[in-house]
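Data block below; observations after.
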């Protein structure tokens, strides 16, 4: 498994061969608050880079989850749809959102490193 | 207009509040624990809410005051006893709800608690019916603290002996720290609790005491999930000037005598609706799965006709499921009717549900 990369929309990606795993960052869950609903994509769905791929709702509001990378979904994490609160507990581990077969590794390479993402969050508090 | 702050603003800040603009005020939406924990701690222990942005409107006058107020408020004010409160409304000529309110009879007249976003207009509307024999004051020197939850009575009785004797929707004056306080047994969460009207100068000390008794601060976020589980309306969402009390399923809040005799704004319309029913009505809604049907979600019948819309919807932490309220064509309003909710372009199943979603525990 490769190192995690991060997007400006607060998703993380890790890569295993040509299959990427995508989730939302701990920082994102802290901004959202208590997560009470998750919708993940079905296998076979094509997603574009920065296209809408999943939905996450907290007690406050609904937000779209974008795919930081284009490809074809191979699996949505049904466990988090059944237990949305688990996203608050382990957002960057067991509570990933979906896996997809990527087309262009360059899209992964262009995402932020952990240090760059932490700096980005500091500079863009919301 | 400049953003207003309650007397507790800095106190909230020190408690780690996240603020949002609400009705012209900077108000805490949540504190460090977050909405779900705040909600659960109110239901299981006790929580306090700063509702000082709401209007505390006092009226005094001779015997004509009641007649004046009854023209715009459909409560039976003549028979309202001193220190007793009623949930009621200000109505326009069409029977539409200008605001929903709690009115309490005081020794000298009445106190009305008004919604923050409506209070200026409310006073304009009420004052049209007042004469030189009536005086009124929106008292901005007072804070209003709601203490809600099963432990409220035990905690407040220790500080202000006598409050435990109050019944739901009654109040009284109490001496505390050589100052007069007005306390009512009421609230908007479905829990037992109190609302305490206290001077801005003394309110921090009251909050110190509550916090020392493990009463958590509760923001507007949990206030919303609590009131929605209790089936209570939020003005500007579930109620507005185009909706009348019959459509809002609140005809119980119009006094029996006033329904018969009338003499208030919009009575002709309301009398007609009481006899014939309304075309649409407010109902409780339970989505079948986990999907949350938020405000403005369209409602469809099982054969795909659009039949209504959601006015409030969230996740209910105590019922551990999504809950909503909305308006629906009356023929679909029977409890248990299957409906569809259109969320992000997809239709999800749901049912018309009884209100409240969470059983109230008022001390009557």
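Computed values, structure above
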| item | result |
| --- | --- |
| Matching residues, the range B:298-318, being within 14 Å of chain A (Cβ to nearest Cβ) and assigned to a strand (DSSP E or B) | B:310, B:312, B:313, B:314, B:315, B:316 |
| Hits in the range B:10-26 - residues which are outside any loop (DSSP other than H, G, I, E, B) and away from chain A (no Cβ under 14 Å) | B:10, B:11, B:12, B:13, B:14, B:21, B:25, B:26 |
| Among the residues listed as B:59, B:101, the single one being assigned to a strand (DSSP E or B), over 19 Å from the mean Cα position of the chain (by Cα), at negative phi and not assigned by TED's automatic domain parsing to the domain that holds residue B:148 | B:59 |
| Given (1) buried (at least 20 other Cβ atoms within 10 Å of the Cβ); (2) outside any strand (DSSP E or B); (3) under 18 Å from the mean Cα position of the chain (by Cα), number of the condition residue B:168 does not satisfy | (1) |
| Residue B:350 vs. criteria modelled with pLDDT under 95 and either within 14 Å of another protein chain (Cβ to nearest Cβ) or more than 22 Å from the chain's Cα centre (by Cα) (or both) | no |
| Residues of the range B:332-346 that turn out to be surrounded by 14 or more Cβ atoms within 10 Å (Cβ to Cβ) and either in contact with a strand residue (DSSP E or B) (Cβ under 6 Å, 6 or more places away or on another chain) or more than 15 Å from residue B:311 (Cα to Cα) (or both), as a count | 7 |
| Hits in the range A:44-71 - residues which are at pLDDT 95 or above and over 15 Å from the mean Cα position of the chain (by Cα) | A:44, A:45, A:46 |
| When residues of the range A:93-107 are limited to those that are surrounded by fewer than 17 Cβ atoms within 10 Å (Cβ to Cβ) and touching a residue at least 40 places away in the same chain (Cβ under 8 Å), the one farthest from residue A:42 (Cα to Cα) | A:105 |
| Check on residue B:295, assigned to a strand (DSSP E or B) and within 14 Å of chain A (Cβ to nearest Cβ) | no |
| Restricting the range A:73-91 to residues that are farther than 15 Å from residue A:36 by Cβ and out of contact with any strand residue (DSSP E or B) (no Cβ under 6 Å at 6 or more places or on another chain), the residue that is farthest from the other protein chains (Cβ to nearest Cβ) | A:90 |
| Selected residue (criterion: farthest from the other protein chains (Cβ to nearest Cβ)) from residues of the range A:46-59 that are surrounded by fewer than 20 Cβ atoms within 10 Å (Cβ to Cβ) and assigned to a loop (DSSP other than H, G, I, E, B) | A:49 |
| Every pair of residues 6+ apart whose Cβ atoms lie under 7 Å, when the first sits in the range A:21-45 and is in contact (Cβ under 8 Å) with a residue 60 or more places away in the chain and within 14 Å of chain B (Cβ to nearest Cβ) while the second is in a loop (DSSP other than H, G, I, E, B) and surrounded by fewer than 20 Cβ atoms within 10 Å (Cβ to Cβ) | A:31/A:126 |
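The values are calculated or read from the model by the stated rules, or taken from the named source; none is laboratory data. All values derive from a computational prediction rather than experimental measurement. Note that we place each Cβ from the backbone using ideal geometry, even for glycine, and neighbour counts take in every protein chain shown.
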